[in-house]
Every structure is written in C-alpha cells, then in structure tokens.
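Student: Input: one structure, supplied below.
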Amino acid sequence: MLAQLFINNIAVIERASIDLEPGFTVLTGETGAGKSMIIDAIHAILGERTSKELVRTGESAASVSALFTGLAGDVLELLDSLSVPREEEGSLLVQRNIRLEGKSSCKLNGAPATVSMLKTIAPRLIGVHGQHESYELLSPELHMNYIDSFGQLEGLLERYKASYQRLRGFQRRLKELNTDQGEKNRRADLLRYQIGELEEAGITPGEREELTKNRDAIRNSGRISDAVELAKRILSGDEESSGVVSELGRAAGELERAAEFMPQLEEAAQKLREAGFLLEDGESALYSLAIEFDPAALDAIEDRLDQLYRLGLKYGETEEDMLAFLDRCQKELHEIQFSDETREELEAGYEKEKAAAIALARELSGKRRDWAAKFTRQVKAELAFLNMPGVEFVAEIERVPLTATGCDRLQFLVSANKGEPPKPLSKIASGGELSRIMLAVKTVLSGMDKIDTLIFDEVDAGVSGAAANRIGEKLRQVSKNRQVLCITHLAQIAAMAENHLRITKHVEKGRTFTQVEPLDLEGRKRELARIIGGEEATQLQLDMAEEMLRKARERECSK
C-alpha cells in the first residue's frame, strides 16, 4: 500500500508529508486548495508525463517521493527483473525530480531508474480512477478491454494476435507476388544486372581494409626502407663503427671477466647478455624481411578501392552489406522465377494460418460472450446498490471480419428508464449516472487484480443524497481488502471514511501555501459541517455532521 507521500515545490504545495493508513481515506478541502496537485504528484511517481509548469513559482525544481510497503511477491519479483535493489522489509521508495528546464529523473530504492520502469511497475501499485476515466466508457473501442481484463483473456488474445500477424504477413507476400507480368520481368532484369555486377566483383569481407593497408604501405615505402636500413646500421654497424649488438656483447664479456674479482657484477653481465640475445633476434628479423614494393601494384589497388567505393554507394557501405544485398537479390529473383511454386506454398501457409486464426478468434469470441454476461450481471448488481436499480446494462457483441483484436465488435449499452431500449452510453447517461456506472465497473474489475491501492478522484461528481450515501458505502466496502483514497466534495462520502485528511491553503507574504493534515473526530465534525454549510459552521450543521459520523459507524458495526 501507499504508506507515505512527500511532495516538494509542486505548484501551491511548498512541502507536504502525507502519512496514509490502510482502509478508506478521504481528502477534502476547498476548491483550489491543492487536491488536484496531489493527484498530479501521484501521477508523476507512476511515470506519467510531467511538465515544468508543475514546479512552484520561484523554484528551480520539484520532487515527489512515495513509499510503498507490504509489497506482494509478484511485485518484488518484477522489481528483481528490473534490477531494483531490495529493501529488507520489502518496501519500495519511488522518487521523481522535475526540473524547471523540463528534464526529470527517477529513482527506485535509491537506484537510478527510467520513466518506462515506473510505467512498468505502476499498474501493480496503484489504480487511479478519476472523472476523465468516466469518459472512457463513452469510447466503445475500449469496452472490449474491460471484458478481456475481467475474464483474464489476455493470454488467449496474445496468441490470436500472433496468429493474425502471421496471417497478415502471408497476405502481404501474396500481394507482392501478384503483380503484373510486365512488372515482374522488369524487376527480374534489374535483379539479374545487380546480381551480375556483384558476383563479377568477387567481394570478400575485410577486403577494403586490407587493400587500404597495402596502399598505405606502398605510399610510404621510402620511409619504411629508410627506417629498416637505419635500424640495421645501428644494430650491425658499418665500415666506420661496430653495431650495438657487437658492443653490447663486448661489454657483457668485460663484466663477466671482472666478475671474477667482484661477484656483484655477475647480475649486470647476465642482463646485458640477455639484452644482446634479444637484439640479435631483432637483427635477424630485420634481415629476413623482404622489403620490396611494386609501384605498379598501387594503380591496381586504387582501381579496386574505387570499384568497391562505387559498389558501396549502390549496394551498401561495407562488404558485408553488399553481400547481404546480393543474397536478397538472389532470393527475390528465385521467387520471381519460381513464383508459381512460391505462390502455392504461400497460399497453403495462408490457408493454414487463416484456419488457426479463425479458430482462436472463435474461441476468444465465445469466452468474451460468457464473461460479458457475468460482467454485466455484476455491474447491474453494483448499480442497484448505488441507487440505480432500474438501469439496464448490457454488452452488445457483433460478429465482424477478423481484426487485430478478434472477430468481435463490443460496446456497452444502457437504459436508464424502464421500457426504453438500451442505447450507447454517450446517448443516455448523465454526468452523475456516468460516475456511478464507472464506479460500478471499476468495483467489478477491482476484484480481478491485485492492486493494493485504489484512488478515486471526485467520482461523486453530479450525485447527491441517497446515491452519495451508497457511493460512500461502496468505497468503504471496496476498502476492506485494500487501501482506498478518495477526493470528494460530499459530506455523505467523507463521513463513511475511516481516515480523513483536510487540505487547506493560506496566503503568506504574497505566496500561497497548501497544507495537508489528518483530522481527529472533532476536526472531522468541523470539516463535514464546512462541506454542508460553508466556512461559518452553525451548531445545527455541527450536529448534522456528528449524526452522519455516528450513523456511518453504526452502519459499519451492523455488517
């Protein structure tokens, strides 16, 4: 669960350290107090895109840290696979820094991390459900994802997608084969020319590098010869002087004779003798070299390098690239020359893969229909609890030709009034109804995952009265086996929480500051009274708030 959130210089929040408890927690406060900034901070540690606009005015950087505790085994295994250091207590500290110049950096348990790593881990840590997610329900193309997730059909879907992609590959290759005969002939002529040019060139890997070395040697033949002759004279000597080898041997002999009288000279004499042997080896190596350069060979090398350069412009930068191009041309020419045989093979492969894809699509479709029935049944039960007992919620599934997701088109239909046929959500649901439908859908889906923390951002928009009470009860119910955080403006929902955080702001020296503080029972009564009637709470409003809290406790105890 999310145990602690630390925010530094995010918009109006200069510094806030928020300790969070298990169960159902609400966050309340005036409009503009900074509730949305807390959600933005959470999105940041989940790897969402950040903006330099989040950095507090006058500051150069902002940061967010989140401590997660009690991580499940599969989450720890995921962290291991990403090479994230483990903490002894199995916790995870996520840090995100945002700089004014727009750059950001991340850390996981103190180790540098990437945003993509955060995005990989995020779905296993927190589920954020905000007002904007209600509008996902207005996009029919997303509805099938809910059913696939609810039925845990992702594995079957991936198998189908792989088959579908192979099927599309067969289609593309068949289409390429089915060009007109004239185009095939023109293409074959070009391929024969390219193959002939490359084969005639007789290219071998590493040839250009070897030629370049030989060319440089010929170009510097004079310098090489002079260096070798000088080395020979130094080692072997000439008419005027003896060489280093001879002199070193003589020096070693003199020291060996002197060592008879001074034994300490034996080591020096031995080293000189060893050095002489090495110099003799070098001398022999120089005399065994055949330092001969054929200036005429330089022209042949230059011609060959020029040929390789011109071929490289057409067929690839390196010899390996050109040979790979040759191999592709040979294969393509073979396919054209034997296109009838190739077509038969491709058509056979296409039919086989088509049958496999259709079988997987039908299996997927059948399971979707079964799970869609269970899903809509559970959503309707949740809607009834949320004071929408007369709502019809159905999944319309239409068979379509194969697509990347199967052979189904699925969308949710709703009828808010008895006797009215179900219609798409975009044509029926009001804002308040949409919020409750979204909560019902997310409640059903929440039972299919292992996420420990759910955050609901003002999902109570557009509802009040009995519906608000039911939403509060549902959020409390969902929090029994996980942590639930909810930003709300409704006293009915706030009263149902086990923990209550109040977000306030004040102006000091012309700057706005936001604070987050946990409320005790008296603080909750005053905050609920403010939500009911405004800043100046009356005794009646305080009594109402106390009664709401008492009834919430009684309702919980009666279950």
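Student: Of all residues being touching a residue at least 24 places away in the same chain (Cβ under 8 Å) and open to solvent by 50 Å² or more (accessible area, probe 1.4 Å) in region 344-357, which is farthest from the chain's Cα centre (by Cα)? Just the residue, please.
Tutor: It comes out as GLU347.
Student: For SER116, only one of the following conditions fails: (1) among the small types (Gly, Ala, Ser); (2) over 22 Å from GLN483 (Cα atoms); (3) free of Cβ contacts under 8 Å to residues at least 60 places away in the same chain. What is its number?
Tutor: Answer for SER116: the failing condition is (3).
Student: What is the number of the single condition among (1) touching a Phe, Trp or Tyr at 6+ places or on another chain (Cβ under 6 Å); (2) under 17 Å from ILE234 (Cβ atoms) that ASP281 does not meet?
Tutor: For ASP281, the failing item is (1).
Student: Ok, one more. Let me confirm something: among THR25, THR50, which residue is closer than 25 Å to LYS474 by Cα, touching a residue at least 40 places away in the same chain (Cβ under 8 Å), crowded, with 20+ Cβ neighbours inside 10 Å and polar (S, T, N, Q)?
Tutor: The unique qualifying residue is THR25.
Student: Right, something else. Can you tell me which of SER241, SER246 is in contact with a strand residue (DSSP E or B) (Cβ under 8 Å, 6 or more places away or on another chain), more than 30 Å from ALA201 (Cα to Cα) and of a type outside the set (D, E, K, R)?
Tutor: SER246
Student: Going residue by residue through region 494-506, is there one that turns out to be part of a loop (DSSP other than H, G, I, E, B) and buried (at least 24 other Cβ atoms within 10 Å of the Cβ)?
Tutor: Checking region 494-506: at least one residue is part of a loop (DSSP other than H, G, I, E, B) and buried (at least 24 other Cβ atoms within 10 Å of the Cβ).
Student: Here is a list: SER464, SER446, SER479. Which entry is of a type in the set (Ser, Thr, Tyr) and modelled with pLDDT of 80 or more? Step through it out loud before you land on a result.
Tutor: Working: SER464 fails: modelled with pLDDT of 80 or more; SER446 fails: modelled with pLDDT of 80 or more.
Checking each option against the conditions leaves just SER479.
Student: Scan ASP321, ASP340 and give me the residue that is under 22 Å from LEU190 (Cα atoms) and open to solvent by 90 Å² or more (accessible area, probe 1.4 Å).
Tutor: ASP340 is the lone residue from the list that is under 22 Å from LEU190 (Cα atoms) and open to solvent by 90 Å² or more (accessible area, probe 1.4 Å).
Student: If I filter region 364-375 for residues that are assigned to a helix (DSSP H, G or I), touching a Gly at 6+ places or on another chain (Cβ under 7 Å), of a type in the set (A, V, I, L, M, F, W, C) and open to solvent by 40 Å² or more (accessible area, probe 1.4 Å), do I get at least one hit?
Tutor: For region 364-375, residues assigned to a helix (DSSP H, G or I), touching a Gly at 6+ places or on another chain (Cβ under 7 Å), of a type in the set (A, V, I, L, M, F, W, C) and open to solvent by 40 Å² or more (accessible area, probe 1.4 Å): present.
Student: Going by what's in this entry, would VAL441 be described as in a loop (DSSP other than H, G, I, E, B) and surrounded by 21 or more Cβ atoms within 10 Å (Cβ to Cβ)?
Tutor: No: the conditions fail for VAL441.
Student: Separate question: Looking only at region 394-419, which residues are within 32 Å of the chain's Cα centre (by Cα), under 18 Å from PHE150 (Cβ atoms) and open to solvent by 50 Å² or more (accessible area, probe 1.4 Å)?
Tutor: THR405, ARG409
Student: Further, regarding this structure: For region 473-500, what are the residues that are among the hydroxyl-bearing types (Ser, Thr, Tyr) and touching a helix residue (DSSP H, G or I) at 6+ places or on another chain (Cβ under 9 Å)?
Tutor: THR488
Student: Only one of (1) in contact (Cβ under 8 Å) with a residue 24 or more places away in the chain; (2) of a type in the set (A, V, I, L, M, F, W, C); (3) exposed (fewer than 15 other Cβ atoms within 10 Å of the Cβ) is not met by VAL391, so which one is it?
Tutor: (3)
Student: Let me ask you something else. Which one is modelled with the lowest pLDDT, of the residues in region 449-461 that are in contact with a Leu (Cβ under 8 Å, 6 or more places away or on another chain) and not acidic (Asp, Glu)?
Tutor: By that ranking, first place goes to VAL459.
Student: Let me ask another. Return the pair list, or none, for Cβ contacts closer than 8 Å from residues in region 247-263 that are over 20 Å from GLU283 (Cα atoms) to residues that are β-branched (Val, Ile, Thr) and crowded, with 16+ Cβ neighbours inside 10 Å, at least 6 apart or on different chains.
Tutor: none
Student: So, one more: Out of the residues in region 201-239 that are among the β-branched types (Val, Ile, Thr) and surrounded by 12 or more Cβ atoms within 10 Å (Cβ to Cβ), which is farthest from GLU320 (Cα to Cα)?
Tutor: ILE234
Student: Sticking with this structure for a sec: Going through region 30-58 one residue at a time, which ones are small (Gly, Ala, Ser) and at negative phi?
Tutor: Answer for region 30-58, where residues must be small (Gly, Ala, Ser) and at negative phi: ALA33, SER36, ALA41, ALA44, SER51.
Student: Next question, about the same structure. Does THR69 satisfy the condition of being closer than 23 Å to PHE456 by Cβ and open to solvent by less than 50 Å² (accessible area, probe 1.4 Å)?
Tutor: Spelling it out, THR69 is indeed closer than 23 Å to PHE456 by Cβ and open to solvent by less than 50 Å² (accessible area, probe 1.4 Å).
Student: Still on this structure, please answer the following. Exactly one condition in (1) assigned to a loop (DSSP other than H, G, I, E, B); (2) closer than 30 Å to LEU521 by Cβ; (3) open to solvent by 30 Å² or more (accessible area, probe 1.4 Å) is not met by ALA33; state its number.
Tutor: Going through the list (1) assigned to a loop (DSSP other than H, G, I, E, B); (2) closer than 30 Å to LEU521 by Cβ; (3) open to solvent by 30 Å² or more (accessible area, probe 1.4 Å), ALA33 breaks only (3).
Student: As an exercise: evaluate VAL394 against (1) outside any helix (DSSP H, G or I); (2) under 30 Å from GLY169 (Cα atoms) and give the number of the one condition it does not meet.
Tutor: (2)
Student: How many residues does region 290-309 contain that are in contact (Cβ under 8 Å) with a residue 24 or more places away in the chain and surrounded by 11 or more Cβ atoms within 10 Å (Cβ to Cβ)?
Tutor: The number of residues fulfilling the criteria is 10.
Student: What pairs come up if the first residue lies in region 89-104 and is in contact (Cβ under 8 Å) with a residue 40 or more places away in the chain, the second is open to solvent by less than 60 Å² (accessible area, probe 1.4 Å) and assigned to a loop (DSSP other than H, G, I, E, B), and their beta carbons are under 6 Å apart, counting only those six or more places apart or on different chains?
Tutor: The qualifying pairs are SER91/THR69; ILE98/THR50; SER104/THR50.
The values are calculated or read from the model by the stated rules, or taken from the named source; none is laboratory data. Not measured: the values here are computed from a predicted model. FYI the Cβ positions are ideal-geometry reconstructions off the backbone, even for glycines, and counts take in every protein chain you see. To get the accessible areas, we keep the full protein, side chains included, count just its heavy atoms, and leave off ligands, DNA and RNA. Shrake-Rupley method; radii C 1.70, N 1.55, O 1.52, S 1.80 Å.
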